[in-house]
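Notes to accompany the following structure.
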Amino acid sequence: MSKEVLLEQFKACYDENNWFVSLKSALEGVSAEQAVWKPANVDNSIWESVNHLAYWNERYLQIWRKEMTDPQDVENKSTFRSSESDWNAARENLYRVMNEWKSELESVSEEQLNGLITEKYRFPWYSALGHQNVHNAYHVGQILLLRKLQGSWDHEKGVS
């Protein structure tokens, strides 16, 4: 997978509406009250999904930058936390991580993309980053669905 394809996918998931609504568009105008809301039988709120996305994107960014070389196992459910008291800070933290990834992807080389994640995780980075883009898109879809269910989505912003 080429740098251009990964970057195009990343931007579509993060900040450029394309075939679907991007993360930034899906979160635009969401209040703290809307962010914690979830209907019965739904596992995660918007806020919890934002924290989950920030956790996994930052974790892979740390591995990419070699700040973390042997990631500890984590219970995935624990990444959907919502213990913070500041919704705007949680959202801005996710944007910070995503902006840092965008910058990394803009300057990445094909050699780096073909390199292995770690000796323990012997997969090429292009594979992990492609999956990360799919993972991000999946959760953006969940966020958009929650906004539609709560009646807070403006269909003029895309995907009716």
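So which residues in the stretch 85-107 are loosely packed, with under 13 Cβ neighbours inside 10 Å, at pLDDT below 95 and within 18 Å of the chain's Cα centre (by Cα)? Asn88, Ala89, listed by residue number.
Within the stretch 9-17, the presence of at least one residue that is surrounded by 13 or more Cβ atoms within 10 Å (Cβ to Cβ) and out of contact with any Ser or Thr (no Cβ under 9 Å at 6 or more places or on another chain) is confirmed. At least 2 residues being without any contact (Cβ under 8 Å) to a residue 40 or more places away in the chain and among the aromatic types (Phe, Trp, Tyr) is the threshold, and among the helices (runs of 4 or more DSSP H) wholly inside the stretch 1-63 not one reaches it. Of all the listed residues (Thr118, Thr79), the sole one being surrounded by 16 or more Cβ atoms within 10 Å (Cβ to Cβ), modelled with pLDDT under 95, polar (S, T, N, Q) and more than 19 Å from Glu33 (Cα to Cα) is Thr79. Please go through (1) under 12 Å from the mean Cα position of the chain (by Cα); (2) aromatic (Phe, Trp, Tyr); (3) surrounded by fewer than 19 Cβ atoms within 10 Å (Cβ to Cβ) for Trp37 and return the number of the only condition it doesn't satisfy. The failed condition is (1). The single condition among (1) modelled with pLDDT under 95; (2) over 16 Å from Asp86 (Cα atoms) that Ala32 does not satisfy is (2).
Scanning the stretch 107-160 for residues that are among the small types (Gly, Ala, Ser) and touching a residue at least 40 places away in the same chain (Cβ under 8 Å) gives Ser109, Ser127, Ala128, Gly130, Ala137, Gly141, Ser152, Gly158. Of all residues in the stretch 130-140, one or more are surrounded by fewer than 17 Cβ atoms within 10 Å (Cβ to Cβ), over 17 Å from Leu7 (Cβ atoms), of a type in the set (Ser, Thr, Tyr) and modelled with pLDDT of 95 or more.
The values are calculated or read from the model by the stated rules, or taken from the named source; none is laboratory data. Note that the coordinates shown come from a computational prediction; the quantities given were computed from them, not determined experimentally. Cβ: placed from backbone, ideal geometry, glycine included. Neighbour counts: every protein chain shown.
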